[in-house]
1. Considering every residue within segment 26-40, establish whether at least one is closer than 14 Å to R118 by Cβ, at pLDDT 95 or above and touching a Ser or Thr at 6+ places or on another chain (Cβ under 6 Å).
2. Of all residues being within 21 Å of D106 (Cβ to Cβ) and β-branched (V, I, T) in segment 1-16, which is surrounded by the most Cβ atoms within 10 Å (Cβ to Cβ)? Just the residue, please.
3. Give segment 17-61 a look and list any residue that's over 16 Å from D106 (Cβ atoms), charged (D, E, K, R) and in a strand (DSSP E or B), or say none.
4. Quick check: anything in segment 83-106 surrounded by 10 or more Cβ atoms within 10 Å (Cβ to Cβ), modelled with pLDDT under 95 and in a strand (DSSP E or B)?
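The values are calculated or read from the model by the stated rules, or taken from the named source; none is laboratory data. Treat the numbers as computed from the prediction; the structure is a model and nothing was measured. Note: ideal-geometry Cβ built from the backbone for every residue, glycine included; neighbour counts use all protein chains shown.
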Amino acid sequence: MTERKLLVGKVADILGDYELAINMGKNSGVKPGTEFAVLGKKSITDPDSHKTLGTYKYDKVRVRVSRVEDNFSVASTTLSFSLDINLPLSPPKLRSDVPAAVLDLDREVSVGDIVEERR
């Protein structure tokens, strides 16, 4: 049996603090409950030569599809559990109030960001 390829699309719109639209729907094979990661990337530079060594790709946030239309889907951020009991147990927002310099990675979701299915 051939394994289905992962779905890859883009953020089509930001609908609120916890919800976004993806440019894929029923016609692309998206179903309610499908999980996606919104991807970010950071260039890695050698501190001595200042040459670019490559690109580090990371998950900005994960979302789960709650509504599927023919050509787009609506997804919400998913709850991430942590062993650190000082952290609130609420879904991460799509836009962060924490400066990027503190995080060292851009976690803010933007229209056009790549989304990739997670299994």
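1. yes
2. Filtering segment 1-16 down to residues within 21 Å of D106 (Cβ to Cβ) leaves 8-16.
Filter once more, keeping what is β-branched (V, I, T): 8, 11, 14.
Values: V8: 13, V11: 23, I14: 16.
Result: V11.
3. E19, E35
4. Within segment 83-106, none of the residues are surrounded by 10 or more Cβ atoms within 10 Å (Cβ to Cβ), modelled with pLDDT under 95 and in a strand (DSSP E or B).
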